[in-house]
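Below: one structure, written as structure tokens.
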Number of protein chains: 2
Amino acid sequence: MGIVVVGTVAFDTVETPFGRGENVLGGSATYFSTSASFFTDVSLVAVVGEDFPAEHISFLQSRDINTDGLQRIPGKTFHWSGKYGYDLNEAQTLDTQLNVLMEFRPNLPESYRDADYLFLANIDPDLQMEVLDQVRRPKLVACDTMNFWISSKPEALKKVLQKVDIVVINEGEARQFTNQSNLVKAAREIIALGCKRLVVKRGEYGVLMFTADSVFAAPAYPLEEVFDPTGAGDTFAGGFMGYLANTGDLSEEGIRQAIVFGSVMASFNVEDFSLDRMKRLEYREIEARYRSFKALTSFRDINDLKS
Amino acid sequence: MGIVVVGTVAFDTVETPFGRGENVLGGSATYFSTSASFFTDVSLVAVVGEDFPAEHISFLQSRDINTDGLQRIPGKTFHWSGKYGYDLNEAQTLDTQLNVLMEFRPNLPESYRDADYLFLANIDPDLQMEVLDQVRRPKLVACDTMNFWISSKPEALKKVLQKVDIVVINEGEARQFTNQSNLVKAAREIIALGCKRLVVKRGEYGVLMFTADSVFAAPAYPLEEVFDPTGAGDTFAGGFMGYLANTGDLSEEGIRQAIVFGSVMASFNVEDFSLDRMKRLEYREIEARYRSFKALTSFRDINDLKS
């Protein structure tokens with residue numbers, strides 16, 4: 001089977017210079033699974049409250065996302081409020097209401113436990129570890145995290161990082177976690193913890209991927225209209241993992257292609273609020289933008305100077 | 001003949017978290033011409049004071065840089081003092097002593113006036129225009145500028161931008177000049193002024209090059225040790241223009257290659273203080289790093305998904 005993702009399903013209230021969305025669908029697992037669903041089967045592990053509307057579940061199911069692992073428990077759904085200025089790279093969190101997330105204990109349906117690909121989206125590292133322990137023999141495990149867990153649970157987080165193949169985090173988080181201003185040094189330190197690859201997300205500056213002996217740089221797609229960057233990182237990760245799960249090609253070349261597919265998906269997601277762009281996205285658009293990435297980055301091999 | 005560059009030759013006092021250089025050789029024309037000299041003939045137009053030591057002139061001449069246009073006048077050489085924090089992207093200017101620069105009137109030696117390539121480095125836009133008027137039929141003219149001229153002489157600067165083929169500026173300056181937070185929109189506005197190409201320098205995030213109908217993204221080379229970013233932009237421009245002047249290939253493909261050579265040169269320059277890395281740089285290192293840029297950015301063409 002395809003990918004299992006654990007993370008959040010949320011209501012977001014988001015303000016950008018270009019508009020405002022109130023109580024819109026959000027959450028790391030939502031963005032990830034919607035993006036990955038363009039490439040492969042996805043099964044979701046998350047929790048919502050009694051206030052979560054059936055239409056959102058219908059949307060996930062319309063993307064063939066398996067929601068057997070989506071728990072609904074008494075209480076209210078996790079709610080995040082944030083604001084972006086004209087510099088759309090960083091959100092200012094205005095309010096976080098954990099609600100049902102405080103009681104979340106992931107319990108994977110039996111059908112999920114043979115997943116080949118596992119993504120531990122941003123969530124308490126103790127919960128990430130619980131999920132990791134429930135999946136039998138995954139081919140590939142990747143995880144994300146955030147500044148909050150780096151400062152509040154660094155030891156639990158380190159244990160997770162040691163058990164995954166690929167770590168996907170923001171540039172600022174890589175620096176914060178290692179206390180290293182130089183990103184190449186920060187990357188070496190994170191890889192030294194035990195993961196094989198580090199993918200560093202840099203917002204509008206794209207992505208750098210590190211292994212012990214290689215680096216790959218992919219730009220973000222230069223867009224004239226960026227409406228809402230919320231979920232861009234999870235949408236990136238969904239395209240990245242979704243493409244890997246589709247092809248099963250875990251060579252350096254295959255993984256680089258997956259990075260570009262992830263970047264393609266993120267570039268669409270920021271074009272509208274919430275998951276609105278994903279809802280009307282078609283696969284031929286994804287292919288066309290992959291080709292645009294190729295055109296954006298191509299240059300000739302070296303030739304001899306004239307003397 | 002090759003390139004003529006007008007700009008500053010200066011003493012810099014620079015402090016970074018990794019060291020300090022006092023009264024070291026600097027200036028936009030110095031960095032530019034040294035970098036370009038690895039690819040083509042360069043002729044310098046600038047001014048220095050009586051305190052400028054012969055050893056610096058000897059260095060420029062050792063790189064085969066034509067210094068006939070380097071005026072020496074009574075007074076002290078231009079002196080810039082700046083400081084960088086761990087975020088090496090932006091310098092904090094501590095002191096600027098214009099000195100002889102205040103009386104500089106560029107007067108090109110007759111032999112310079114048939115230059116095919118002209119670079120107007122960061123200097124008063126009125127002086128840039130004076131130089132432009134003295135060169136008869138250049139094949140390609142490019143210019144740089146800085147925030148100071150954008151706010152103090154926007155109209156003079158606009159006139160220069162209308163007369164050049166390629167504008168090379170920092171990301172923040174592109175936004176400041178157009179009052180546009182979105183870089184793609186800012187680029188369109190600058191190109192609409194009349195230049196054909198805009199090259200946006202983004203420090204450790206590399207370069208974006210815009211034309212009316214194309215974009216090219218080149219990353220910066222990920223370095224484990226960055227000692228001093230001073231002069232990186234001018235070193236970039238020198239490699240870029242130097243390569244163009246060497247090949248004469250002004251096709252999109254040729255210009256993209258030049259962008260990568262510029263990025264290669266900048267990546268070396270930041271590895272040491274002042275021009276110290278340039279002084280010991282060899283051409284085979286430049287070629288090797290060009291190949292590393294290729295490896296850093298390469299990914300496969302799209303292939304069909306498995307269904």
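What the table below lists for this structure:
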| quantity | calculated |
| --- | --- |
| Inter-part distance where segment B:96-147 and segment B:287-307 are each reduced to a Cα centre, Å | 39 |
| Per-residue [θ]222 nm for the protein assembly as shown (sum of -39500 (n - 2.57) over DSSP H runs n ≥ 4, rounded to 500) | -11000 deg cm²/dmol |
| Length released on extending from A:Lys163 to A:Glu224, taking residue separation times 0.36 nm less the Cα-Cα span | 18.0 nm |
| Debye log10 I(q)/I(0) at q = 0.09, 0.11, 0.12 Å⁻¹ for segment A:3-297, Cα point scatterers | -0.38, -0.58, -0.70 |
| Centroid-to-centroid separation of segment B:201-236 and segment B:52-80 [C-alpha atoms, Å] | 28 |
| Burial order of peptide ranges B:52-60, B:11-19 (average beta-carbon count within 10 Å, highest first) | B:11-19, B:52-60 |
| Shortest-first distances to equivalent copies, position A:Gly254, nm, label 7 Å out along Cβ | 4.2 |
| Identity and axial distance of the chain A residue whose Cβ lies nearest the axis relating A to B, Å | A:Tyr205, 2 |
| Ranked by how many other beta carbons lie within 10 Å on average, peptides A:85-98, A:120-133, A:103-116, B:259-272 from highest | B:259-272, A:120-133, A:103-116, A:85-98 |
| Whole-Hz ³J(HN,Hα) from phi, Karplus 6.51 cos²θ - 1.76 cosθ + 1.60, for segment A:143-150, glycine and proline x | 9, 10, 7, 8, 3, 4, 6, 4 |
| Calculated FRET value between B:Glu155 and A:Ala288, using beta carbons and R₀ = 35 Å, to 0.05 | 0.25 |
| Using θ = phi - 60° and Karplus 6.51 cos²θ - 1.76 cosθ + 1.60, couplings along segment B:8-15 (whole Hz; Gly, Pro as x) | 9, 10, 9, 9, 10, 10, 10, 10 |
| Across the identical copies, how the B:Asp68 labels are spaced - nm, sorted shortest first, 7 Å along Cα→Cβ | 8.3 |
| Karplus-derived HN-Hα couplings along segment A:74-85 (A = 6.51, B = -1.76, C = 1.60, θ = phi - 60°), whole Hz, x at Gly and Pro | x, x, 9, 5, 3, 10, 10, 10, x, 9, 10, x |
| At 7 Å out from Cα toward Cβ: A:Tyr86 inter-copy label distances (nm, ascending) | 2.9 |
| Whichever lysines have a C-alpha closer than 23 Å to that of A:Lys306, once near sequence neighbours (fewer than 8 apart) are set aside | B:Lys139, B:Lys279, B:Lys294 |
| Paramagnetic reach from B:Glu90 in segment B:145-183 [backbone N under 15 Å; point 7 Å along Cα→Cβ] | B:147-148, B:170-177, B:181 |
| Extension gain from A:Glu252 to A:Leu98, taking 0.36 nm per residue of separation minus the Cα-Cα distance | 51.6 nm |
| Nonlocal amide H pairs with B:Val48, under 5 Å, H built at 1.01 Å | B:Gln71, B:Arg72, B:Ile73 |
| Cut-off 19 Å (backbone N to label point 7 Å along Cα→Cβ of A:Thr211), residues of segment A:151-165 | A:162-165 |
| Set of segment A:45-89 residues, backbone N closer than 19 Å to the point 7 Å along the Cα-Cβ line of A:Gln176 | A:79-85, A:87-89 |
| Qualifying trypsin sites (Lys or Arg not before Pro) in segment B:138-204, DSSP loop, other Cβ atoms within 10 Å at most 16 | B:Lys139, B:Lys196 |
| Per-residue mean of C-beta atoms belonging to partner chains within 10 Å, peptide A:169-181 | 1 |
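None of the figures in this text is laboratory data; all of them are computed from the coordinates on show. In this text, all values refer to a predicted model and were calculated from it rather than measured experimentally. Ideal geometry is used to build each Cβ from the backbone, glycine not excepted, and the neighbour counts take in all protein chains shown.
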